Amino acid sequence: MTNSATSHLLPVFARVDLGFERGEGAWLFATNGERYLDFTSGVAVNALGHCHPHLVKALQEQATKLWHMSNLFKSPDGDKLAARLCEQSFADYVFFCNSGAEAMECVIKVVRRWHASKGHPERYRMITFEGAFHGRTLATLAATGSAKYLEGFGPPMDGFDQVPHGDLEAVKKAIGPQTAGILIEPVQGEGGVRTAPNSFFKALRELCDKHGLLLAFDEVQTGMGRTGDLFAYRRLGVTPDVMSLAKALGGGFPIGACLATAEAASGMTPGSHGSTFGGNPLAIAAANAVLDVMLKPGFFDHVQKMSLLLKQKLASVVDRYPTVLSEVRGEGLLVGVKAVVPSGDLVNALRDQKLLTVGAGDNVVRFLAPLIVNEAEIDHSIGCLERACAVLSATEKKKAAG
């Protein structure tokens, strides 16, 4: 890791001393000419790989027509994208913004405003879960509840009650007269690629219905195909009232979205929320192009096939290197490998083998292949992992001998 003394970028990232000048499909090309297989995908953003021709064409065409006109006026292409997202989901309305954290802010405001519009402004608290990650704004940090992210930013924003992940009894005990909703990720990405049984999500839906709460899903990382379907909730058989999207929605172009039912959104009246750049024509063009590709017949069949292949091959490596790796977990191409060695050491060893991955909580390394990955690229990633494990295993043996 390095922080260059000559850089004027705010030093909030421990950046790897490696830069890239171009990308193609699942591959990145470094400024030194070396080629890396990208199983980071911009942290689950570049779902269609780098420079997908359909996305490139859509952005090039839009760039010659209109970049920005503000939300004071109609957005025909934005209306089209919103209609497509609603057609594919439970939602009746969509609000476009610029990032996952902004999408989550909108989710929180929708939930609180719904109760206020019903005459219950005292119902503003949301139940969240340990290990979650909902963003970096002050509200989403409070929803995340992690001390390492909250430190130094003053008292956490009020309104969030965190309980152990998957603990239904703890959820029941946390529900009170001020509770407005329950917020959960279908799969915790940053938290270590952790999920809960489908029965847990169904029980949350039942609790929300029983107590007059809204169920909110954070699909910033799981949405847009990452788990093998367009939205992860469809694989759970549980429908939320409000949901956030971002990351892969624009295939690399910044865009977020908050999706809601007509009932959940009924409190959101003119002036209650807004965004200067949200839903700008370039972002809308990118997201419509992403949907064009993802909604083609067979796209998600391919994702599921590659997911099964990757997890099977990863499990084989885990079996052969039990002193380095212990478990494979995840859905679709949101795949995590739990390490025995420090996860950072595994990320570094894989990068030495020209495979890019990203760490997560619970000592997990995420393999976030682009959804267009092929069998040969998966085989290549497994070869990189095997070589990295051999190096780390040898290191562990030396430590034990010493």
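The values are calculated or read from the model by the stated rules, or taken from the named source; none is laboratory data. None of the values given here were measured: they were computed from a predicted structure. Reconstructed Cβ throughout: ideal geometry from the backbone, glycine too, with neighbour counts over all protein chains shown. Calculation scope for accessible area: heavy atoms of the full protein, side chains included, ligands and nucleic acids excluded. Shrake-Rupley method; radii C 1.70, N 1.55, O 1.52, S 1.80 Å.
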Subset tally (residues that are small (Gly, Ala, Ser) and open to solvent by 40 Å² or more (accessible area, probe 1.4 Å)) for region 100-128: 3
Would you confirm whether or not region 239-248 contains a residue that is closer than 30 Å to His165 by Cα and surrounded by fewer than 24 Cβ atoms within 10 Å (Cβ to Cβ)? yes
Residues in region 350-367 that are β-branched (Val, Ile, Thr) and without any contact (Cβ under 8 Å) to a residue 60 or more places away in the chain: how many? 1
Run down Ser70, Ser89, Ser99, Ser146 and say which single residue is of a type in the set (Ser, Thr, Tyr), at pLDDT below 95 and within 25 Å of the chain's Cα centre (by Cα). Ser146
Within region 228-257, the count of residues that are closer than 17 Å to Met104 by Cα, within 14 Å of the chain's Cα centre (by Cα) and not in a helix (DSSP H, G or I) comes to 10
Residues that are modelled with pLDDT of 95 or more, touching a helix residue (DSSP H, G or I) at 6+ places or on another chain (Cβ under 8 Å) and assigned to a loop (DSSP other than H, G, I, E, B): does region 344-354 have at least one? yes
Do any residues in region 287-298 that are open to solvent by 10 Å² or more (accessible area, probe 1.4 Å) have Cβ atoms under 6 Å from those of residues that are not aliphatic (A, V, I, L, M), where the two are at least six apart or on different chains, and which pairs are they? Val293/His54
Go over the candidates Ala262, Ala257 one by one and state the one that is open to solvent by less than 40 Å² (accessible area, probe 1.4 Å) and either of a type in the set (Gly, Ala, Ser) or at pLDDT 95 or above (or both). Ala257
Of the candidates Val324, Val335, the one satisfying the condition of being open to solvent by less than 50 Å² (accessible area, probe 1.4 Å), more than 22 Å from the chain's Cα centre (by Cα) and either touching a residue at least 12 places away in the same chain (Cβ under 8 Å) or within 21 Å of Ser75 (Cβ to Cβ) (or both) is Val324
Which one is nearest to Ser99 (Cα to Cα), of the residues in region 130-162 that are of a type in the set (Gly, Ala, Ser) and touching a strand residue (DSSP E or B) at 6+ places or on another chain (Cβ under 9 Å)? Gly135
Selection within region 82-110 - touching a residue at least 12 places away in the same chain (Cβ under 8 Å), more than 9 Å from Cys258 (Cβ to Cβ) and part of a helix (DSSP H, G or I): Ala82, Arg84, Leu85, Cys86, Gly100, Ala101, Ile108
Every listed condition ((1) within 27 Å of Gly383 (Cβ to Cβ); (2) open to solvent by less than 40 Å² (accessible area, probe 1.4 Å); (3) touching a residue at least 24 places away in the same chain (Cβ under 8 Å); (4) among the β-branched types (Val, Ile, Thr)) holds for Val347 save (3)
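Each row is one residue, and each column tells you yes or no for (1) more than 25 Å from Gln188 (Cα to Cα); (2) open to solvent by less than 50 Å² (accessible area, probe 1.4 Å); (3) polar (S, T, N, Q).
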position	(1), (2), (3)
Gly25	yes, yes, no
Ala30	yes, yes, no
Pro53	yes, no, no
Arg84	yes, yes, no
Phe96	no, yes, no
Kindly list, by first and then second residue, each pair from a residue in region 368-382 that is over 21 Å from Gly192 (Cβ atoms) to a residue that is part of a loop (DSSP other than H, G, I, E, B) and open to solvent by 10 Å² or more (accessible area, probe 1.4 Å), limited to pairs with Cβ atoms under 6 Å and residues at least 6 apart or on different chains. Pro370/Asn46
Is there any pair linking a residue in region 169-196 that is more than 30 Å from Thr40 (Cβ to Cβ) to one that is among the hydroxyl-bearing types (Ser, Thr, Tyr), with Cβ under 7 Å and at least six apart or on different chains, and which? Gln178/Tyr124; Ala180/Tyr124
The one condition in (1) over 23 Å from Arg194 (Cβ atoms); (2) touching a Gly at 6+ places or on another chain (Cβ under 6 Å); (3) among the aliphatic types (A, V, I, L, M); (4) open to solvent by less than 30 Å² (accessible area, probe 1.4 Å) that Ala388 fails to fulfil: (2)
The correct count of residues that are of a type outside the set (A, V, I, L, M) and not in a helix (DSSP H, G or I) in region 200-227 is 10
Would you kindly identify the helices (runs of 4 or more DSSP H) lying entirely within region 129-185 that contain at least 3 residues that are open to solvent by less than 50 Å² (accessible area, probe 1.4 Å) and within 18 Å of Val111 (Cα to Cα)? 138-144
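Here is a yes/no grid of residues against (1) out of contact with any Lys or Arg (no Cβ under 8 Å at 6 or more places or on another chain); (2) among the basic types (Lys, Arg):
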residue: Arg22; (1), (2): yes, yes
residue: Leu28; (1), (2): no, no
residue: His50; (1), (2): no, no
residue: Lys57; (1), (2): yes, yes
residue: Glu87; (1), (2): yes, no
residue: Ser99; (1), (2): yes, no
residue: Glu102; (1), (2): yes, no
Taking the criterion of being of a type in the set (Gly, Ala, Ser), within 22 Å of Phe300 (Cβ to Cβ) and surrounded by fewer than 17 Cβ atoms within 10 Å (Cβ to Cβ), would at least one residue in region 370-377 satisfy it? yes
